[in-house]
Amino acid sequence: MRNETMKKRFIILLLSLLCLGTSVSAQEAAKSALQQRAEAADENKNIATARFTYIRAFEDYVNKGQMKQGVECGVKATALYYKENYYKEAFDLLHRIEDQISADKKSDNKGKAALRYLTVKERMQMYMKLRKSESVKEQLNGMESLANASGDENLKNDLLYNKALYYYSFGQNAQGNAVFKEMADKLTSKKEYGKVDEVYKTLIANGRRSGSASLVAQSYSSYMAWKDSVAELRLADETGALKKQIAANEASIAEKDSSLASRKWMITGLCVLAAILAAVLVLGAIVLLRYIVLTRKQKKTIDLANENNALKAKFISNISAQLEPTLRRLDSRIPEVKALQDFSNHIQTLSDLECSMNETVELEDVQIQPFCEELIGQIRGKVKSGVVLAVNAPKMSAKINKEYVSHILLHLLDNAAEYTPETGHITLDFKKRGAHTHQFLVTDTGEGIPEEKREDIFKAFLEIHDLTKGDGLGLPICKQMALKMNGDLNVDPAFTKGTRFVLELKS
């Protein structure tokens, strides 16, 4: 009996996986190329690119009249704005989305209410992050009106969840318990146990993410109590279902009891089914074994590749060190010799950085304004006629590695001086983005970098260069230095009037 049950469950599992695969494929096909690119960038934690591409996807969907997909992309872009504390931009984008919803002539009042619920919910989450209790409550009231107007039961359940989260987050545990119990009872009565389980886990995760020990403890306690109660309900449901199945089988057997031929066909069918199940189990075991073998092989390949990379970096470094004495004896006034010497130095620097990525970088307190002024001063003689140089930096100090930051910013400023035309502008900004996060921004009004090349400029050895015109290793070295300082260096995709490099550092 137990073996038969396990076989049935295995068939159901295989069918579910097939259906799930078909569903996922259909969903992916329905997404635009822009949305897929935005999701890929978001998954790779390239926030600026993901945000910019989500906004483009939002505009594209709206132009095509696909308002629901457009609003979803716009809301994701909003979340990426305030994730980096760009609250003004986030609120402005929400107003823009709501204007498009109001102007939509295809959606009825219920559809518009459902879309507006998403924007108001995002605004509520921003106020939650800002800890503005009254503003959160105001948005929840708006969400309740929109959920009722939409007539969507899923939105009403989502509203209950967000109400509970609000009460727990602001220490109103009694009200949170009441709302959460209402939601759990509602879903449990419909036997949607999986949804209740998911909601509890989401609430616990939110509590951990927000650092609220009381919310985690309260949620976990309620979750355990619910699991104990629902286990009995599930057992009763399964018992009832089994009884119905047994009764149906007995009735079927009774109806066919008079026919020996029918029994023989039934036995034959069961044997065939058992053979199919056995074949499926064997096939599943083979697939599982192949997966295990492939996984082990891939792990060995990755380990070998990492080892080869380390050996390659060490080998290149040794070759560069051996060439250096010979290169020094050559006449550096010859352009080709000078280019070769610079290339050798860059190779040595890049190899040293790759081999020491796990080493801690020393930080020191630096006065930001005079530091930035000094860097700008070093390129004054390199810019073209009429180019305006500017520094926007507050009078404050920050902990940075002065050597690495100076190298990166001077390289970016030198590039800006080379590519900025006459009467153009070059600006060095410093912005505080959080308690332990700050940014240096180098902006010029040159011709800009094409979108398809923005990722490649940070990759070493991607193209063969004429060394007398540069070896293409300057930006890869800067990128490695930024990563070693627990930061990053990227091109701002939202800036279109030239080029803006963003050096983000965390102290």
Somewhere in the stretch 173-187, is a residue surrounded by fewer than 14 Cβ atoms within 10 Å (Cβ to Cβ), closer than 18 Å to ALA231 by Cα and not polar (S, T, N, Q)?
yes
Kindly indicate whether any position in the stretch 322-338 is assigned to a helix (DSSP H, G or I), small (Gly, Ala, Ser), at pLDDT below 75 and more than 19 Å from LEU410 (Cβ to Cβ).
no
Those residues of the stretch 146-156 which are surrounded by fewer than 18 Cβ atoms within 10 Å (Cβ to Cβ), part of a helix (DSSP H, G or I) and touching a residue at least 24 places away in the same chain (Cβ under 8 Å) amount to ALA149
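Just checking, which of TYR117, TYR127 is in a helix (DSSP H, G or I), open to solvent by 20 Å² or more (accessible area, probe 1.4 Å) and modelled with pLDDT of 90 or more? Reasoning before the result, please.
Details: TYR117 fails: open to solvent by 20 Å² or more (accessible area, probe 1.4 Å).
Criteria check complete, one pass: TYR127.
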Consider ALA178 against the criteria (1) over 18 Å from GLU138 (Cα atoms); (2) modelled with pLDDT of 75 or more; (3) outside any helix (DSSP H, G or I): it satisfies all of them except one. Which criterion is unmet?
(3)
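Please go through the stretch 475-507 and pick out each residue that is closer than 24 Å to HIS346 by Cβ, assigned to a strand (DSSP E or B) and not acidic (Asp, Glu).
As a first pass, look at the stretch 475-507 and keep what is closer than 24 Å to HIS346 by Cβ: 475-491, 499, 501-505.
Cutting the leftovers down to assigned to a strand (DSSP E or B) gives us 488-491, 499, 501-505.
Selection gives LEU489, ASN490, VAL491, THR499, PHE501, VAL502, LEU503, LEU505.
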Selection from the stretch 231-257 of residues open to solvent by less than 90 Å² (accessible area, probe 1.4 Å), at pLDDT below 70 and within 15 Å of THR188 (Cα to Cα) yields LEU233, ALA236, ASP237
Only one of TYR193, TYR168, TYR223, TYR200 that is in contact with a Gly (Cβ under 7 Å, 6 or more places away or on another chain), at pLDDT below 80 and among the aromatic types (Phe, Trp, Tyr)
TYR168
Of those in the stretch 85-109 that are modelled with pLDDT under 90 and charged (D, E, K, R), the residue most open to solvent (accessible area, probe 1.4 Å) is LYS105
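State whether the residues of the stretch 32-39 include one that is small (Gly, Ala, Ser) and under 17 Å from GLU84 (Cβ atoms).
To start, the set of residues in the stretch 32-39 that are small (Gly, Ala, Ser) comprises 32-33, 38.
Still in the running and under 17 Å from GLU84 (Cβ atoms): 38.
Looking through the stretch 32-39, at least one residue is small (Gly, Ala, Ser) and under 17 Å from GLU84 (Cβ atoms).
Is there a residue being modelled with pLDDT under 50, over 22 Å from ALA113 (Cβ atoms) and open to solvent by 40 Å² or more (accessible area, probe 1.4 Å) anywhere in the stretch 28-50? Let's see the steps before the verdict.
Taking the stretch 28-50 first, the residues modelled with pLDDT under 50 are 28-29.
Narrowing the set further to residues that are over 22 Å from ALA113 (Cβ atoms) leaves 28-29.
From the residues that got through so far, the ones that are open to solvent by 40 Å² or more (accessible area, probe 1.4 Å) too are 28-29.
Among the residues of the stretch 28-50, at least one is modelled with pLDDT under 50, over 22 Å from ALA113 (Cβ atoms) and open to solvent by 40 Å² or more (accessible area, probe 1.4 Å), which makes the answer yes.
Given the criterion open to solvent by 70 Å² or more (accessible area, probe 1.4 Å) and modelled with pLDDT under 70, identify the matching residue among LEU260, LEU215. Show your work before the answer.
Numbers: LEU215 fails: open to solvent by 70 Å² or more (accessible area, probe 1.4 Å).
Testing whether each residue is open to solvent by 70 Å² or more (accessible area, probe 1.4 Å) and modelled with pLDDT under 70 leaves just LEU260.
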Quick one: count up the residues across the stretch 437-458 that are over 18 Å from ILE477 (Cβ atoms) and at pLDDT 85 or above.
9
Quick one: would you say LEU288 is open to solvent by less than 60 Å² (accessible area, probe 1.4 Å), at pLDDT 65 or above and among the aliphatic types (A, V, I, L, M)?
no
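The values are calculated or read from the model by the stated rules, or taken from the named source; none is laboratory data. This is a predicted model, so every value here is computed, not measured. Glycine also receives a Cβ, built like all others from the backbone with ideal geometry; neighbour counts cover every protein chain displayed. Remember, those area values only see protein heavy atoms, side chains included, never the ligands or the DNA or RNA. Shrake-Rupley method; radii C 1.70, N 1.55, O 1.52, S 1.80 Å.
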